[in-house]
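Below: one structure, written as structure tokens.
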Amino acid sequence: MSDTTLNLDVQAIHWPSVIRHYRLSKGLKQAAMAHDLGVTQTMISRWESGAAIPSLRIQERVFDLYWASQTSVSRSAWLDRIGRHPAVVGVINADGCILRASRGFRRSLDCSRHALEGRYIHEAFEGDWPALHEALVSSGLFEGRVASAESIDAITFLAPDGERRRRFVHGLHRPSFLPGPEIVWLLSGADVSERVHADVSARLGGSKVIRKAI
């Protein structure tokens, strides 16, 4: 890890939020989810209240269900699709490491894949994105506590060759639940003008709005 990377205290997955968010997102009653997982309704209730933690088998099963609900391909194939996406899309883990940067992301910054992927958000960028990552960590995105976020960001890309490229980006952010289990940050964005940056900032009442899952 780069010396510029912050040593953030990333907590464990918050299973009450994950279990309840999945159940409500699918419109399931506790009894129906219990049937899908092969457990009792009482156990679902205990998980949601925090009185018990799902077993490793159930944890993996819940994330498999999340995964099946958003795609029919493998994790590696999904990351490959992200890499070919024409818009600005990035996949970032809890440590802030950029796992995948889309074609549109790389085109926006006029850089190669290796200039982004494998680098940490705090070493690759100055401006709002490092602070946004810290806010998402502290709000619990990587624990399953955040449903989505919207941001309007002024960033400076620090290219490996020392060049600096400034951009204004309107971003939409959400957690993606990967087999593992692992929760990652799915960043989607669009380059905007300085005027649009000011307008969106006024609408949001600041640089970002984070919406809790439950």
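The values are calculated or read from the model by the stated rules, or taken from the named source; none is laboratory data. In this text, all values refer to a predicted model and were calculated from it rather than measured experimentally. Here the Cβ is made from the backbone with ideal geometry for all residues, glycine too, and neighbour counts use every protein chain on show.
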For segment 92-103, does any single residue satisfy the condition of being among the basic types (K, R), modelled with pLDDT of 95 or more and buried (at least 20 other Cβ atoms within 10 Å of the Cβ)?
yes
Conditions: (1) at pLDDT 90 or above; (2) in a loop (DSSP other than H, G, I, E, B); (3) farther than 30 Å from E123 by Cα. M43 meets all but one. Number of the miss?
(2)
Residue pairs meeting the criteria (Cβ under 7 Å; at least 6 apart or on separate chains; first of a type in the set (G, A, S), in segment 147-168; second in a loop (DSSP other than H, G, I, E, B) and crowded, with 18+ Cβ neighbours inside 10 Å):
A147/A213; S151/S207; A159/C111
Every residue from segment 146-193 that is under 19 Å from the mean Cα position of the chain (by Cα) and basic (K, R):
R174
Taking interchain pairs and intrachain pairs at least six residues apart, which have beta carbon atoms under 9 angstrom, with the first residue in segment 190-214 and within 20 Å of P175 (Cα to Cα) and the second modelled with pLDDT under 95 and among the charged types (D, E, K, R)?
K212/R145; A213/R20; A213/R145; I214/R20; I214/R145
Sort out which residues of segment 137-146 are crowded, with 21+ Cβ neighbours inside 10 Å and either without any contact (Cβ under 8 Å) to a residue 40 or more places away in the chain or assigned to a strand (DSSP E or B) (or both), and write them in order of number.
V146
Name the pairs: first residue in segment 116-136 and part of a strand (DSSP E or B), second residue at pLDDT below 95, Cβ to Cβ under 8 Å, at least 6 apart or on different chains?
Y120/M1; Y120/S2; Y120/T4; Y120/T5
Looking at (1) assigned to a strand (DSSP E or B); (2) of a type outside the set (A, V, I, L, M, F, W, C); (3) in contact with a Pro (Cβ under 8 Å, 6 or more places away or on another chain), which one does G104 not meet, given that it meets all the others?
(1)
